[in-house]
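Here is the structure we will look at, set down as structure tokens.
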Amino acid sequence: MLFATLEHILTHISFSTISIVITIHLITLLVRELGGLRDSSEKGMIATFFSITGFLVSRWASSGHFPLSNLYESLIFLSWALYILHMIPTIQNSKNDLSTITTPSTILTQGFATSGLLTEMHQSTILVPALQSQWLMMHVSMMLLSYATLLCGSLLSAALLIIRFRKNLDFFSKKKKNVLSKTFFFNEIEYFYAKRSALKSTLFPSFPNYYKYQLIERLDSWSYRVISLGFTLLTIGILCGAVWANEAWGSYWNWDPKETWAFITWTIFAIYLHSRTNPNWKGTKSAFVASIGFLIIWICYFGINLLGIGLHSYGSFTLPI
Amino acid sequence: MPSPTCYLLLNPACSCRSYQRPGLLLPAAPTPRRRVHVYCDAQRRGSSGGGGGGVKREAIPAGAGKAKKQVVFFDAAPPLSQRSGGGGEDGEVAGKKENAALGLVRRVTKRTLSLLSNLPLAISEMFAIAALMALGTVIDQGEAPSYYFEKFPEDNPVFGFITWRWILTPGFDHMFSSPVFLGLLALLATSLMACTYTTQIPIVKVARRWSFMHSAGSIRKQEFADSLPRASIQDLGVILMGYGYEVFTKGPSLYAFKGLAGRFAPIGVHIAMLFIMAGATLSATGSFKGSVDVPQGLNFVIGDVMKPKGFLSFAPDVFNTEVHVNRFFMEYYDSGEVSQFYSDLSLFDLDGKEVMRKTIKVNDPLRYGGFTIYQTDWGFSALQVKKNGEGPFNLAMAPLKLNGDKKLFGTLLPLENSGSSNVKGISMLARDLQSIVLYDQEGKFVGVRRPSSKLPIEIDGNEIVIEDAIGSTGLDLKTDPGVPIVYAGFGALMLTTCISYLSHSQIWALQDGSTVVVGGKTNRAKLEFSEEMNRLLDKVPELISVNENTIDSKQSAA
């Protein structure tokens with residue numbers, strides 16, 4: 001009971017903090033002058049991080065196993081992973097566009113996890129025999145870390161596409177904007193600001209395209225690095241899963257739907273990485289592939305669970321309709 | 001070794017593709033690229049000692065430029081085709097039919113290689129495989145043909161055109177073993193090999209050579225370029241070393257690199273993939289599988305259970321081993337759900353000697369002499385019951401419900417006239433080995449008993465004692481000769497993908513008077529590289545009062 005209350009409090013703290021952080025982000029984007037608020041948004045992220053970590057630790061302590069046995073826990077872990085991703089460039093002290101992706105993503109995953117949609121899954125469940133292995137920690141955490149990383153990378157690519165084709169945005173807005181509107185919105189504003197401040201400072205207003213170009217290059221480079229990292233993690237995650245399957249199910253590969261979709265995800269991002277070796281495809285075309293990857297990850301992570309088929313049925317859930 | 005050429009060799013954009021697009025390469029930057037050809041040839045001839053009879057290789061640019069000349073940078077296919085084409089007419093190799101045939105074979109090989117290592121082809125193969133896999137999860141796999149007749153009827157096709165013919169003819173009802181899918185995988189494997197051979201290895205060969213640049217102009221053309229006034233190249237070298245670079249200096253020029261492993265790793269990735277594919281093929285053709293349901297206390301012989309999966313499956317001697325199930329038991333959570341299954345197994349060889357004993361559970365299989373025994377399932381074999389002090393009788397339990405997480409087993413203890421047509425008796429149902437639910441002749445609930453309690457229960461005037469519940473263990477057995485190869489591939493793949501994250505960075509610098517011209521490039525982390533370079537160049541000390549002499553003396557000292 002104590003743990004349940006603690007978890008309840010912690011989720012609420014983290015969710016409200018991150019809402020505040022989002023608001024601060026919006027304000028600082030619209031009103032540039034309030035520089036002090038930016039620091040406080042960073043502090044807010046740290047507070048969120050500690051409360052999510054606290055939540056996971058208390059789950060671990062109360063259930064006695066690694067807190068990754070159902071979808072709810074995995075979603076919380078996903079937002080934790082997104083936060084970790086948010087922190088890496090901050091530690092390296094380099095300016096980046098990642099926070100515009102990670103912050104809203106964290107709030108969206110957390111919002112979804114804590115929303116009423118999955119209430120019956122909030123309870124910590126017991127571990128079925130097949131999950132009782134040290135590999136659980138390795139395989140599932142690697143998979144979720146890679147999902148978080150790849151989601152960020154593919155969102156960066158999608159943002160690149162939006163900025164690249166801003167003129168014919170109508171075409172895209174119908175298709176994708178409803179899903180990704182939030183992040184794009186941020187990037188759009190970032191872009192406008194970069195452009196406006198650049199125009200103010202330079203004497204050559206005839207170069208607006210240069211800044212657009214620079215932003216696209218930056219997004220491209222970042223999404224490449226982030227996706228490479230995510231691809232590495234995905235490879236490790238899948239292979240750990242295969243080794244585990246050979247211990248538990250008697251075969252390292254079963255063509256189970258979840259496995260198959262993880263492999264499809266892997267293939268799509270392998271295509272992305274290969275397409276980048278062609279200078280002509282770098283940028284727009286590879287960004288298209290990465291954006292497809294975004295959808296594939298969600299099918300792999302969610303779609304299969306929704307259907308509840310195959311051997312990976314632990315995380316399955318039914319929509320309460 | 002002419003350095004500018006070396007630099008150009010260091011430039012190839014990266015894997016598979018720069019070789020398929022000579023159309024872009026040749027007209028755009030004719031002179032430097034041609035030098036690449038020549039250089040490579042020279043190098044090749046030098047290293048292979050003229051093996052393969054590479055005559056007149058210098059003719060590439062002209063001849064190759066006109067012909068198709070795809071691919072072939074470093075493997076010099078055009079000269080070969082030239083030779084064999086022109087050779088017959090010139091009479092140079094006339095009469096040597098073998099040679100011509102050999103040339104033809106080599107030409108065909110080169111063509112095939114170039115076709116296979118084509119990047120768009122490889123990418124479309126991967127797309128096709130991904131699409132087929134997705135299709136394989138959408139279509140229900142492994143059902144009987146009648147299922148597909150019903151689900152994809154001819155008179156009412158899905159989406160207006162998909163009938164069962166679309167599914168069954170290409171074998172999409174068993175997608176992951178269908179010839180289309182396996183053929184695509186095989187094609188991808190050959191593409192991997194071709195790409196490694198024609199593209200990746202040459203790139204690495206080139207990247208390994210380190211070279212200096214002697215002109216400030218070519219250094220300034222790098223992706224990152226800067227010039228430091230009043231600086232010394234030696235200071236730069238020391239700082240670069242501090243940042244983990246390998247630094248080489250010669251006279252006024254400097255060359256530094258780091259992360260060369262990042263260039264090698266993609267080859268490792270491809271080789272690891274090939275290992276996994278080879279291992280998986282061996283698994284599919286050379287393994288045995290079997291599953292068996294053994295009641296506690298009984299034995300079976302491995303060879304009786306195992307069924308070969310492919311034409312390479314040869315039964316080893318250990319198949320004579322006999323397995324005895326000493327005990328099967330389950331552990332439960334407080335809530336009553338099963339937490340773990342255990343089977344205590346003993347292995348006996350032909351002489352009846354116990355060679356191994358182990359209690360296996362899910363996630364902890366038994367391995368002996370090449371085969372593995374997994375705990376996968378369980379069942380309720382029999383119930384030992386005493387009726388009015390007689391017995392005990394063994395009542396076989398029948399599975400009433402098999403699907404789903406919850407199992408249900410049941411049995412009937414007949415009371416009197418067992419010969420008559422409508423036998424009535426006591427029904428006993430069990431979800432697990434822990435508790436048995438008893439019903440009387442009318443089907444009314446009487447009570448629940450635990451086998452361990454030995455507590456008698458009175459039903460229709462009979463005193464029933466449940467003595468014991470005998471479970472049966474569901475075991476999966478297999479031998480898989482492919483596993484070591486696949487695991488080697490897994491290990492290599494994890495390692496090499498991690499290393500692939502490294503970025504191969506190269507820096508050139510030239511002391512131009514009192515100014516140091518610095519240029520550099522990297523293949524992956526471009527933003528981080530320029531940031532690192534800026535940080536690094538900020539650290540280079542500015543020499544306040546330098547004259548040419550001091551620099552000269554420093555250089556001669558170096």
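Hey, any hits in segment A:266-273 for a residue that's farther than 23 Å from A:ILE236 by Cβ, surrounded by fewer than 23 Cβ atoms within 10 Å (Cβ to Cβ) and in the same structural domain as A:PHE165 (by TED's automatic domain parsing)? Write out each step before concluding.
Residues of segment A:266-273 that are farther than 23 Å from A:ILE236 by Cβ, as a first pass: none.
No, every residue in segment A:266-273 fails to be farther than 23 Å from A:ILE236 by Cβ, surrounded by fewer than 23 Cβ atoms within 10 Å (Cβ to Cβ) and in the same structural domain as A:PHE165 (by TED's automatic domain parsing).
Restricting B:ASP334, B:ASP351 to those that are more than 14 Å from chain A (Cβ to nearest Cβ) and at negative phi reduces the list to B:ASP351.
Does A:THR90 count as β-branched (Val, Ile, Thr), surrounded by 24 or more Cβ atoms within 10 Å (Cβ to Cβ), closer than 26 Å to A:THR235 by Cα and at pLDDT below 85?
On the way: β-branched (Val, Ile, Thr): yes; surrounded by 24 or more Cβ atoms within 10 Å (Cβ to Cβ): no; closer than 26 Å to A:THR235 by Cα: yes; at pLDDT below 85: yes.
Criteria not met by A:THR90.
In the set (1) within 14 Å of chain A (Cβ to nearest Cβ); (2) in a helix (DSSP H, G or I); (3) in contact (Cβ under 8 Å) with a residue 60 or more places away in the chain, the condition left unmet by B:LEU537 is number (1). Which of the residues spanning segment A:255-278 are among the polar types (S, T, N, Q) and within 21 Å of A:LEU307 (Cα to Cα)? Result: A:THR260, A:THR265.
Residue by residue through segment B:421-469, note down the ones that are part of a strand (DSSP E or B) and either touching a helix residue (DSSP H, G or I) at 6+ places or on another chain (Cβ under 9 Å) or β-branched (Val, Ile, Thr) (or both).
Passing the criteria: B:ILE426, B:ILE436, B:VAL437, B:VAL446, B:VAL448, B:ILE457, B:ILE459, B:ILE464, B:VAL465, B:ILE466.
Of the residues in segment B:117-125, none is closer than 24 Å to A:PRO257 by Cα, more than 14 Å from every other protein chain (Cβ to nearest Cβ) and surrounded by fewer than 14 Cβ atoms within 10 Å (Cβ to Cβ).
Are any of the residues in segment A:237-253 closer than 30 Å to B:SER291 by Cβ, assigned to a loop (DSSP other than H, G, I, E, B) and either more than 9 Å from chain B (Cβ to nearest Cβ) or of a type in the set (S, T, N, Q) (or both)? Yes, because at least one residue in segment A:237-253 is closer than 30 Å to B:SER291 by Cβ, assigned to a loop (DSSP other than H, G, I, E, B) and either more than 9 Å from chain B (Cβ to nearest Cβ) or of a type in the set (S, T, N, Q) (or both). Counting only strands (runs of 3 or more DSSP E) that sit wholly inside segment B:327-418, those with at least 1 residues that are at pLDDT below 85 are B:338-348, B:371-387, B:390-396, B:398-401, B:408-414. The residue list B:GLY142, B:GLY136, B:GLY183 contains one member that is small (Gly, Ala, Ser) and more than 14 Å from every other protein chain (Cβ to nearest Cβ), which is B:GLY183.
Report, by residue number, each residue of segment B:371-385 that is over 32 Å from the mean Cα position of the chain (by Cα) and either under 12 Å from B:LEU477 (Cα atoms) or within 14 Å of another protein chain (Cβ to nearest Cβ) (or both). Even if it seems obvious, please write down each step before you answer.
In the first step, residues of segment B:371-385 are kept if they are over 32 Å from the mean Cα position of the chain (by Cα); the result is B:378-385.
If the condition is that a residue be over 32 Å from the mean Cα position of the chain (by Cα) and either under 12 Å from B:LEU477 (Cα atoms) or within 14 Å of another protein chain (Cβ to nearest Cβ) (or both), then B:TRP378 is the only one that fits.
You will find that of A:LEU161, A:LEU150, the residue that is part of a helix (DSSP H, G or I), more than 10 Å from every other protein chain (Cβ to nearest Cβ), within 14 Å of the chain's Cα centre (by Cα) and closer than 29 Å to A:THR284 by Cα is A:LEU150 and no other.
Go through segment B:101-207 and tell me which helices (runs of 4 or more DSSP H), entirely inside it, have 1 or more residues that are small (Gly, Ala, Ser) and under 24 Å from B:THR285 (Cα atoms). Show your work before the answer.
Details: elements: B:119-138, B:145-151, B:164-168, B:179-195.
Ranges flagged: B:119-138, B:179-195.
Scanning segment B:339-384 for residues that are touching a Pro at 6+ places or on another chain (Cβ under 6 Å), surrounded by 20 or more Cβ atoms within 10 Å (Cβ to Cβ) and within 30 Å of B:GLU463 (Cα to Cα) yields a single hit, B:SER381. Residues that are more than 20 Å from the chain's Cα centre (by Cα), facing chain B (nearest Cβ under 7 Å) and more than 19 Å from B:PRO120 (Cα to Cα) within segment A:256-285 comprise A:PRO257, A:THR260, listed in sequence order.
If only residues of segment B:472-528 that are touching a Lys or Arg at 6+ places or on another chain (Cβ under 8 Å) and among the charged types (D, E, K, R) are counted, the one that is surrounded by the most Cβ atoms within 10 Å (Cβ to Cβ) is B:LYS478.
Based on this model, can you work out whether B:SER191 counts as surrounded by fewer than 17 Cβ atoms within 10 Å (Cβ to Cβ), within 24 Å of the chain's Cα centre (by Cα), under 30 Å from B:ILE129 (Cβ atoms) and hydroxyl-bearing (Ser, Thr, Tyr)? First the steps, then the outcome.
Numbers: surrounded by fewer than 17 Cβ atoms within 10 Å (Cβ to Cβ): no; within 24 Å of the chain's Cα centre (by Cα): yes; under 30 Å from B:ILE129 (Cβ atoms): yes; hydroxyl-bearing (Ser, Thr, Tyr): yes.
For B:SER191, the condition - surrounded by fewer than 17 Cβ atoms within 10 Å (Cβ to Cβ), within 24 Å of the chain's Cα centre (by Cα), under 30 Å from B:ILE129 (Cβ atoms) and hydroxyl-bearing (Ser, Thr, Tyr) - is not met.
Inclusion of A:ILE227 among residues that are closer than 22 Å to B:THR496 by Cα, buried (at least 16 other Cβ atoms within 10 Å of the Cβ), at pLDDT 90 or above and more than 9 Å from every other protein chain (Cβ to nearest Cβ) is warranted.
Which one of B:THR515, B:THR522, B:THR473 is within 14 Å of another protein chain (Cβ to nearest Cβ), among the β-branched types (Val, Ile, Thr) and either out of contact with any Pro (no Cβ under 9 Å at 6 or more places or on another chain) or farther than 21 Å from B:GLY336 by Cβ (or both)?
Testing whether each residue is within 14 Å of another protein chain (Cβ to nearest Cβ), among the β-branched types (Val, Ile, Thr) and either out of contact with any Pro (no Cβ under 9 Å at 6 or more places or on another chain) or farther than 21 Å from B:GLY336 by Cβ (or both) leaves just B:THR522.
Considering only segment B:231-325, give the helices (runs of 4 or more DSSP H) lying wholly within it that have at least 3 residues that are over 30 Å from B:ASP468 (Cβ atoms) and outside the structural domain of B:ARG524 (by TED's automatic domain parsing).
Numbers: elements: B:233-242, B:261-286, B:302-305.
Here the list reads B:261-286.
Taking segment B:131-166 as the range and being surrounded by 11 or more Cβ atoms within 10 Å (Cβ to Cβ), over 30 Å from A:ALA262 (Cβ atoms) and over 34 Å from the mean Cα position of the chain (by Cα) as the test, the residues that pass are B:PHE149, B:GLU150, B:PRO153, B:PRO157, B:THR163.
Check segment B:164-187 and report whether any residue there is more than 24 Å from B:GLU143 (Cα to Cα) and not assigned by TED's automatic domain parsing to the domain that holds B:GLU528. Checked segment B:164-187: at least one residue is more than 24 Å from B:GLU143 (Cα to Cα) and not assigned by TED's automatic domain parsing to the domain that holds B:GLU528.
Collect the residues in segment A:56-73 that are more than 16 Å from A:PHE15 (Cα to Cα) and of a type in the set (Ser, Thr, Tyr), keeping them in residue-number order.
First, the residues of segment A:56-73 that are more than 16 Å from A:PHE15 (Cα to Cα): A:57-71.
Within segment A:56-73, A:SER58, A:SER62, A:SER63, A:SER69 meet the criteria.
The values are calculated or read from the model by the stated rules, or taken from the named source; none is laboratory data. Just so it is clear, the model here is predicted, and its values are computed rather than measured. Please note: Cβ atoms are built from the backbone with ideal geometry, for glycine as well, and neighbour counts cover all protein chains shown.
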